[in-house]
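The values are calculated or read from the model by the stated rules, or taken from the named source; none is laboratory data. Keep in mind that what you see is a predicted model, and the values were worked out from it rather than measured. Backbone-built Cβ (ideal geometry, glycine too); neighbour counts: all protein chains shown.
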Amino acid sequence: MSHVQIDADGRLRHLITLQGLERSHISGMLDRAVKLREAFSATGSRPQLLAARTVVNLFFEPSTRTRSSFELAARRLGANVLNFDISGSSTSKGESLEDTLATLEAMQADAFIVRHKENGTPERLARHAQRAAILNAGDGNHAHPTQGLLDALTIRDRHPDPTSLKVVICGDIRHSRVARSDVHVFKSLGVADVRLCGPAALMPDASELQACPRFDSFDEAIEGCDAVIMLRLQKERMVAGLAGSESEYFQRFGLNAARLRRANSEAMVLHPGPMNRGVEIAPEVADGPQSCVLRQVANGIPVRMAVLATLLEG
Ligand code: CP
């Protein structure tokens, strides 16, 4: 979808999607995230790579993890952060997003972190930006590239060569930007077997994600997997409601301890959050020894530091 993110010299100018991004770009950002993470945990290092730069959080949808970790990442690199208040802004009086962007760019904003319910909004703004970098923090069901990167880092920490891994992504894939970005990053890193599982109504169209085998039995899909990625039911994006009750859904597609035993004995359990406990994941699994949920959250900061540094500092 997005060619706007690479400039004529092959450098990353915006981060809109991981689809089609070269493995070297992805590995470069993950390697940089590891270095930043190690330096911070060893000495509390806060390299002032973005001193005097301004990063604007522009969130048109709610967020706990992405917004906070972008803010912490930017501050750790020495940037000023403006958490733009959408409800109190002139967008609520009908100002176009392009005019809002131009206005804030005129105030010397260097980067915009954009979350929006409409697919393509970050790309639209990237095409309009004069100087600033646009970072997609999740658009509709299209992409959530920094979530894909932090999921990849969390798995790569345990499996430095991920090529022979079996990964299953289970749940509401149709409405999930995380699933799409995860598939794109895993395929770019050469992960051999990325399975998709969910009820037919929550699977993407057949024309999408064709490299991934599809399952409607979670018991079959999870067999022998090294990583199990659970997704939230996105009721806010469903046109028709979920057929059947949430307890029926949990019976078929929820991750409980018994089902997890079908995966490899040390399989990693991931969930991007926010979690619906008892709907897609049992509390004892979410809080259990195989859960990597909080490690994902922790990795979000160095990953977003690496992305910001790559786009703004070069
Ligand atoms: N994973 C994720 O995008 O969480 P938030 O909606 O809290 O940012």
- Inspect all residues belonging to segment 10-22 and state whether any of them is over 22 Å from Leu189 (Cβ atoms), in a loop (DSSP other than H, G, I, E, B) and modelled with pLDDT under 95. no
- Task: Pick out the one residue from Ala52, Ala73, Ala102 that is among the hydrophobic types (A, V, I, L, M, F, W, C) and touching a helix residue (DSSP H, G or I) at 6+ places or on another chain (Cβ under 6 Å).
- Result: Ala73
- Item | Residues of segment 190-210 satisfying the condition of being under 18 Å from Thr163 (Cα atoms) and touching a Lys or Arg at 6+ places or on another chain (Cβ under 6 Å) | Asp193, Leu196
- Phe40 vs. criteria among the aromatic types (Phe, Trp, Tyr), in a helix (DSSP H, G or I), more than 16 Å from the ligand (Cβ to nearest atom) and surrounded by 14 or more Cβ atoms within 10 Å (Cβ to Cβ): yes
- Meets criteria (without any contact (Cβ under 8 Å) to a residue 24 or more places away in the chain, more than 13 Å from the ligand (Cβ to nearest atom) and part of a loop (DSSP other than H, G, I, E, B)) for Ser87: yes
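Test Ile86 against the stated conditions and say whether it is among the β-branched types (Val, Ile, Thr) and at pLDDT below 95. Outline the logic, then answer.
Values: among the β-branched types (Val, Ile, Thr): yes; at pLDDT below 95: yes.
Yes: the conditions hold for Ile86.
Yes/no matrix, rows are residues, columns are (1) surrounded by fewer than 24 Cβ atoms within 10 Å (Cβ to Cβ); (2) under 19 Å from Leu270 (Cβ atoms):
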site	(1), (2)
Val114	no, no
Asn119	yes, no
Arg127	yes, no
Ala152	no, yes
Lys166	yes, yes
Glu208	yes, no
- Item | Residue within segment 5-16 that is polar (S, T, N, Q) and either surrounded by fewer than 18 Cβ atoms within 10 Å (Cβ to Cβ) or farther than 17 Å from Val307 by Cα (or both) present | no
- Taking Thr163 as the residue in question, decide whether it is within 30 Å of Phe250 (Cα to Cα) and of a type in the set (Ser, Thr, Tyr). no
- Kindly indicate whether any position in segment 271-283 is of a type outside the set (Asp, Glu), closer than 25 Å to Gly224 by Cβ, within 12 Å of the ligand (Cβ to nearest atom) and crowded, with 19+ Cβ neighbours inside 10 Å. yes
- Out of segment 288-314, which residues are free of Cβ contacts under 8 Å to residues at least 40 places away in the same chain and closer than 18 Å to Thr64 by Cβ? Ser291, Val293, Leu294, Ala298
- Message: Need pairs with beta-carbon distance below 7 Å; first residue more than 18 Å from Ala126 (Cβ to Cβ) and within segment 56-70, second more than 9 Å from the ligand (Cβ to nearest atom) and assigned to a helix (DSSP H, G or I); sequence gap 6+ or separate chains.
- Response: Ser69/Ile301; Ser69/Arg304
- Mind counting the residues in segment 171-183 that are within 16 Å of the ligand (Cβ to nearest atom) and either outside any helix (DSSP H, G or I) or modelled with pLDDT under 95 (or both)? 5
- Query: Could you count how many residues in segment 52-71 are within 12 Å of the ligand (Cβ to nearest atom) and in a strand (DSSP E or B)?
  - Reply: 2
- Being assigned to a loop (DSSP other than H, G, I, E, B), more than 16 Å from the ligand (Cβ to nearest atom) and aliphatic (A, V, I, L, M) narrows it down to one of Leu49, Leu82, so name that one. Leu49
